[in-house]
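Let me begin by presenting the structure, written as structure tokens, before commenting on it.
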Amino acid sequence: MIIATDKDVAFSLIEGYENRLNIYFPVTLSADIDHLSDNQRQMLAILIEASVIMDDLFWRQAFGDNKDTFLAAIADNKTQNFANINYGPWDRLDGDQVFLSNTDEKPLGAQFYPADMTKTEFEASNFADKNGLYSMVRRDKMGQLIAIPYSTYFAEELKEASTLLTKAATLAEDKSFAAYLKLRAEALLTNNYQPSDYAWMDMKTNPIELVYGPIETYEDQLFGYRAAFESYVLLKDLAWSERLSKYASFLPELQQGLPVEEKYKAQMPGANADLNAYDVIYYAGHSNAGSKTIAINLPNDEEVQLKKGTRRLQLKNAMRAKFDNILVPISKQLIVPEQRQHITFSAFFANTMFHEVAHGLGIKSVLGSEQTVRQALKEHASALEEGKADILGLYMVQQLLAKGVIEEGMLEDYYVTFMAGIFRSVRFGASSAHGKANMIRFNFFQDHQAFSRNEDGLYQVDMQNMSKAIDALSNKILTLQGDGDYEGVTKLVAEKGVIKALLQQDLDRLTAADIPVDVNFKQGVKVLGL
């Protein structure tokens with residue numbers, strides 16, 4: 001929590017933090033919308049307006065109710081912009097380190113829980129919707145913990161958002177998209193999101209896409225229970241989507257081939273999954289905080305996943321921005337010259353895509369239990385799930401290349417690009433589930449000699465050892481998830497989820513070379529010319 005929020009209090013950058021203000025590379029999120037009808041263009045403007053509400057609600061979940069007062073109290077424009085990107089005074093790509101004066105450390109539970117609540121108190125309490133996705137935990141008049149549904153706690157804002165989605169539905173030319181918008185509008189008011197998740201899974205032909213509402217639980221680092229508000233507005237790339245459509249059908253077959261005991265792959269994913277490419281034109285809330293998402297795998301509801309599978313959305317323009325401005329420069333600093341030719345956008349796109357597909361593999365419920373993996377592994381669930389998706393995505397690439405299903409490039413392209421991608425993502429820091437997953441994987445790969453580092457500090461992938469390490473890590477993660485082994489995951493994170501001195505030295509070289517850590521978007525109706 002901020003110590004002082006009075007309008008007379010000024011916040012200034014902590015000494016030594018000046019070099020962090022330029023870690024985000026500015027990218028304009030424009031797109032060709034000339035082919036859209038008048039109704040579709042009007043609808044886009046409404047969806048962006050509705051997304052702004054998700055942005056404001058995420059500020060409240062992550063920081064508190066006094067966003068405007070806080071930002072106005074930062075005199076320096078660059079510092080204020082950095083605070084805006086981070087949705088508060090904590091550096092999301094530096095382990096949530098405080099970067100402003102008059103500021104406390106960020107609570108692990110963000111604003112989802114009372115500031116004075118301890119983890120022990122929560123675990124000892126018994127109240128309705130204790131582990132709920134869609135509620136804020138507060139105290140009643142007697143000081144006891146209670147859960148207040150989002151639909152009640154954020155009633156005014158969600159009513160406005162619901163109205164906008166309903167209005168957008170009247171302009172939607174695709175019937176399945178209109179049906180989804182209506183159900184999502186209703187869900188905002190009822191806290192029942194499952195019907196709209198099912199409707200979202202049934203959308204196949206809509207050229208405009210919306211991901212909207214309380215979705216991911218990464219912001220809740222205390223337990224990983226509460227979902228944060230976010231939004232993406234996207235345009236489908238029909239040509240690229242056609243190229244990707246063949247891959248999703250291999251999911252059941254790949255599940256059977258996972259390098260783990262049979263009992264850990266018995267929960268078959270739904271076969272009604274699809275894979276499409278998009279240009280994203282607006283990010284809001286959690287999706288816009290700190291590092292920007294370049295691919296989406298939803299819905300998160302385990303029941304929907306088992307019945308319907310998932311949809312995977314590849315955000316092509318955001319991927320290209322990160323590849324050109326971050327991954328290629330990183331490879332020139334840290335990968336041996338003879339392997340740099342294997343850093344390709346096709347491999348980066350595929351690795352990212354199969355990461356999302358791989359979320360559908362593995363196990364959703366602890367063996368012999370009705371408890372979900374997310375509930376069993378608590379605050380570590382997100383990091384381990386991201387680690388699973390990364391490593392099983394690479395496993396999928398191996399398998400599909402061997403089958404001849406993937407026809408572009410060679411295995412070395414995917415391995416070397418993946419290695420460079422670790423350096424990119426590990427810079428997201430320990431407060432990011434993706435960053436922590438990459439730290440674990442880097443240290444695991446190092447132990448298994450999947451790569452070597454020469455005297456010049458350049459890395460080279462060992463193809464044979466990399467394949468062995470992929471199988472070993474896949475097995476370990478799937479077993480931990482299937483067993484719901486909280487203690488085992490805690491040990492793995494403690495031992496492997498750290499940046500050791502030599503790696504930090506190499507990451508510092510990237511900073512010295514002024515290579516951005518991530519991107520920041522210039523976006524909105526004016527940028528699009530709406």
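None of the figures in this text is laboratory data; all of them are computed from the coordinates on show. Worth saying up front: this structure is predicted, and the values here are computed from it rather than measured. Here the Cβ is made from the backbone with ideal geometry for all residues, glycine too, and neighbour counts use every protein chain on show.
See the values below:
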read-out: Kirkwood estimate for the stretch 18-528, i.e. one over the average of 1/r between Cα atoms, Å; value: 23.4
read-out: Using a Förster distance of 35 Å, the FRET efficiency for ASN39-SER249 (Cβ separation, nearest 0.05); value: 0.55
read-out: Cleavage-rule hits, trypsin sites (Lys or Arg not before Pro), the stretch 1-105, DSSP coil, Cβ neighbours within 10 Å at most 14; value: LYS7
read-out: Antiparallel content of DSSP bridges confined to the stretch 18-528, in %, to 5; value: 75
read-out: Gain upon complete extension [THR511, ASP65; 0.36 nm per residue less C-alpha separation]; value: 157.2 nm
read-out: Label-reachable residues, the stretch 32-75, where backbone N falls under 17 Å from a point 7 Å from ALA10's Cα toward its Cβ; value: 69-75
read-out: Point-charge dipole on Cβ atoms (K/R +1, D/E -1) for the stretch 214-371, about Cα centre, debye to 20; value: 440
read-out: The stretch 491-530: translational diffusion in µm²/s, Stokes-Einstein, Kirkwood Rh over Cα pairs, 4 °C, 1.567 mPa s; value: 95
read-out: Kyte-Doolittle mean at least 0.5 and Cα axial length at least 18 Å: DSSP H helices in the chain; value: 345-358, 411-426
read-out: Relative contact order of the stretch 423-489, pairs being alpha-carbon contacts under 8 Å that are 6 or more residues apart, as %; value: 19
read-out: ASN475 paired with MET142, simple spin-label distance in nm, labels 7 Å along Cα-to-beta-carbon; value: 5.3
read-out: Given charges at Cβ of Lys, Arg, Asp, Glu: the chain dipole, positive-most of LEU235, TYR282, LEU47; value: LEU235
read-out: Out-of-range pairs (alpha-carbon distance over 24 Å; input LYS292/LYS522; LYS175/LYS526; LYS130/LYS491); value: LYS175/LYS526; LYS130/LYS491
read-out: Gyration tensor over alpha-carbon atoms, the stretch 395-530, equivalent ellipsoid semi-axes in Å; value: 26, 22, 20
read-out: Angstrom value of the Kirkwood radius, inverse mean 1/r, which spans all Cα pairs in the stretch 84-145; value: 13.6
read-out: Inter-site label distance for PHE345 and GLU370 at 7 Å from Cα along Cβ, in nm; value: 5.0
read-out: Reciprocal of mean inverse Cα separation for the stretch 52-163 (Kirkwood radius, Å); value: 15.7
read-out: Value of relative contact order over the stretch 18-528, rounded to a whole percent, pairs C-alpha under 8 Å and six or more apart; value: 18
read-out: Gyration tensor (Cα) of the stretch 146-242, equivalent ellipsoid semi-axes in angstrom; value: 25, 17, 11
read-out: In the stretch 164-247, trypsin sites (Lys or Arg not before Pro) in a DSSP loop with at most 14 other beta-carbon atoms within 10 Å; value: LYS204, LYS246
read-out: ALA75 paired with LYS263, simple spin-label distance in nm, labels 7 Å along Cα-to-beta-carbon; value: 6.5
read-out: Added length on full extension, which subtracts the Cα-Cα distance from 0.36 nm per residue, ASN19 to THR190; value: 57.0 nm
read-out: Modelled FRET efficiency - R0 41 Å, GLU242 with ARG453, Cβ distances, 0.05 increments; value: 0.50
read-out: At R0 = 35 Å, FRET efficiency that the Cβ-Cβ distance of LYS332 and LYS307 yields, to 0.05; value: 0.15
read-out: Sorted by Cβ density within 10 Å, fewest first, the residues ASP55, ASP483, ASP390, ASP104; value: ASP104, ASP483, ASP55, ASP390
read-out: DSSP-assigned coil residues among GluC sites (Glu not before Pro) in the stretch 156-240, each with at most 16 further Cβ atoms within 10 Å; value: GLU173
read-out: Whole-angstrom gap from the stretch 294-343 to the stretch 445-468, using each part's C-alpha centre; value: 21
